[in-house]
1. What accessible surface, in Å², does a 1.4 Å probe find on K185, ignoring ligands, DNA and RNA and rounding to the nearest 10?
2. In 10 Å bins starting at zero, report the fraction of Cα pairs in the stretch 103-179 per bin as a rounded %.
3. Under the rule a/c < 1.5 gives rounded, and otherwise a/b versus b/c splits prolate from oblate, where does the stretch 1-56 land using the Cα gyration tensor?
4. Taking amide hydrogens as modeled 1.01 Å from N in the peptide plane, which residues meet the under 5 Å criterion relative to E240, leaving out close sequence neighbours?
5. Could you compute how much accessible surface T242 exposes when probed at 1.4 Å, giving the result in Å² to the nearest 10?
6. On average, how much accessible surface per residue is there in the stretch 1-137, in Å², for a 1.4 Å probe, leaving out ligands, DNA and RNA?
7. Viscosity 1.306 mPa s, temperature 10 °C: Stokes-Einstein D of the chain from its Kirkwood Cα radius, in µm² per second?
8. What percentages make up the Cα-Cα pair-distance distribution of the stretch 179-255 when the bins are 5 Å wide from 0?
Amino acid sequence: MNDLDLNLQNTVTALKKSHYGTAMTGAGMSAESGIPTFRGPEGLWTKYGEPDDLGYEKFIMDPQKWWEARLNEDYMPEMKKALAEAKPNPGHKALTRLEKMGLIKHVITQNVDGLHGESGTTQISEMHGNNHLLRCIECEARFSYDDISFSILPPLCTSCGGYLKIDTVMFGEPIPKSTLENIKKEVGKTDLMLILGTSGLVQPAASLPIMAKSTNNAILIEINPERSALSDFCDIVINEQTGTILPRIVDLLAK
Ligand code: OAD
């Protein structure tokens, strides 16, 4: 048996033994759906530079000005186009199968593309928000763009009247409280975590696998063509693409 087959077999055994498997996903999970990652040679931050931490502050200082600029700008057009056109890839679909099999109970994603939900996964925490939604800065209610009037700016929450922002978490913005609390609850139960397509460089996401390891001695399994900042903490590291490997894991489980 070669190293890859052994790692796949060990992953299948660990999934079968686990009681509460979760997955944490990053941009690499959607790379095979045509959405660019942030870091690495083709990454958005490599091309445009990583934004400063003032994004949220700028919104709070003048939400009307922020929205006026937003509705007229053409920032990162390749990301906008990719997000509008992307469809779930075989990795997303395999993760949905793992949920249906009862082996993955919750997916924590840093991605804003909504592709886990579109694929059919039901238990998801979108840690950095969802690009297709708006969120009230007061009550955290979420809305689709179609349900909100933009005739006055900033648009207003139809539940409480608070200002609406994009649901995507901005630089310098805390993760919404209810989302973070739910994620911590999920991590507290996790005894196996799949770490899929993330560089593990952004907090608090990068700490979640370590929390699961220190709380429950969770088995950590990484799938990523490159080594990440989390690789050294993992029990199994598979240096391959999620769109190839997750379907193979599902096939092995189904045998
Ligand atoms: P990164 O761009 O930092 O990392 C993407 C990871 O995906 C890298 O480790 C790649 O090696 C890996 N990768 C590429 N193709 C892959 C494939 N087909 N299968 C599996 N892995 C693959 O993206 P994130 O870790 O998600 O935050 O970045 C975290 C956060 O940084 C993002 O959510 C974003 C950014 O600033 C916000 O916008 C708030």
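The values are calculated or read from the model by the stated rules, or taken from the named source; none is laboratory data. As the structure is a computational prediction, the values presented were derived from the model and not from experiment. Glycine gets a Cβ as well: all are built from the backbone with ideal geometry, and neighbour counts include every protein chain shown. For accessibility, only protein heavy atoms count, side chains too; no ligands or nucleic acids. Shrake-Rupley method; radii C 1.70, N 1.55, O 1.52, S 1.80 Å.
1. Estimated to the nearest 10 Å², K185 gives 130 Å².
2. 19, 48, 28, 5, 0
3. prolate
4. Here the answer is N224, since their amide H atoms fall under 5 Å of that of E240.
5. That residue has around 10 Å² of solvent-accessible surface.
6. Heavy-atom SASA per residue in the stretch 1-137 reads 50 Å².
7. Answer, rounded: 83 µm²/s.
8. Bins of 5 Å from zero give 3, 16, 24, 23, 18, 12, 3, 0 percent of pairs.
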